[in-house]
Structures are given as C-alpha cells and as structure tokens.
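Take a look at the structure below.
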Amino acid sequence: LAQDWYQIEVIIFEHSAETQARQTPEKWPNDLNLEWPQPLIELEPALERDATPLIKPAFEELVFEERNMNNDSYAFRVRDAYELLWHKAWRAPLQPEDQAPWILVQASEQIGDHYRLEGGIRIHLSRYLHLHTDLWMTEISGKPIIDELILDLNAENTDVESVINDMD
C-alpha cells in the first residue's frame, strides 16, 4: 500500500524582547524535568545535487529553492517585532500517531551542549493532520556556564568565598 508523501514546512519565531515587555509576563515553574520526546530523529542536511531526483529521501531538509515559505521567513527576519528561530522544510510520508517520529528542534544561540530552543515536533495523520510540540525555551542570564569548577583547597591563600563571588 503506497503512502501519501507531504511537504512539511515549519517556522518557529518569538516576539522580540520589546514586544514581550509590553505584554503580561508568563509564569512558568522553575522545577521542570525536561525529557526528549521519543522516537526522536534529526533531519538530514540538504544535499546539493547536480539534478533533482524524482524522489528525495524522507526527512531530508529541502534546499532554499524548494521551500514555499521563504517570503514569510524573510518577513520575520526583517521585522523588529519578531525573531526567527527555526525554519525547516522536508518531505516525508505521514504516519499514524503511534508510528510518527518526533523531529529534533535545536535553534537560536548554542550554550554548551544546548540551544536556547530545544525539543521536538511530531506531525501525524489521522482524519486530518495533527501537530504536537514538545519544546522548551531557555532564558539566557548572561552568566557564563561552568561545567566544572575545581579548586585546590590545599593551596595557600585559596579563598573559596572570593572565587565564588567573582563568578557572580
């Protein structure tokens, strides 16, 4: 039985800090337990080819010329009220919810091993198309991220309190 293929294109954006300052701030819990949705797959990078194949592999990013929402993406990039975080397009057969994979989303600034926006999206087919999101946005405080701090407490004149205060 042949599956119907779809071209999927997703744009994720956020309101600029100035726009957000005019709105009522959202209250989010601080004690979150974040877990990656499963099964999670990463889109394959777009490959430059001499000729476009009749059928591209599933879950391969489309090159700029094959995307349909480039003008919309551009509008988010040039307007001060928005920040474009993620714009991807790919083709794939859509599956029932229990078989549909989650697509990895990593966008905006990278801090250590993480990105400001992370998580996954899943698109599946039932009577109509469904989009599920499991995304989290990290607020960056401007403080450096330190993986590990090692102090030689046996060294002379080691003032642990002043080292910690220098980090603030």
Which residue, chosen from N71, G112, W136, occupies the Cα position most advanced towards the positive end of the dipole of region 71-139, where the dipole is computed from +1 (Lys, Arg) and -1 (Asp, Glu) charges on Cβ about the Cα centre?
N71
Mind listing P(r) for region 7-131? All alpha-carbon pairs, 5 Å bins, whole percents.
2, 9, 15, 18, 20, 17, 12, 6, 1, 1, 0
Mean separation of Cα contacts under 8 Å (at least 6 apart) over the residue count of region 82-140, i.e. the relative contact order in percent, is 28 percent
Hz values of 3J(HN,Hα) by residue in region 85-99 - Karplus curve (6.51, -1.76, 1.60), Gly and Pro given as x
9, 7, 9, 9, 9, 7, 10, 6, x, 8, 10, x, 3, 6, 10
1/(1 + (r/R0)^6) with r = Cβ-Cβ of E65 and Y6, R0 = 22 Å, i.e. FRET efficiency to nearest 0.05, evaluates to 0.70
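Read the figures in this text as sums done on the coordinates, not as results from a lab. This is a predicted model, so every value here is computed, not measured. Here the Cβ is made from the backbone with ideal geometry for all residues, glycine too, and neighbour counts use every protein chain on show.
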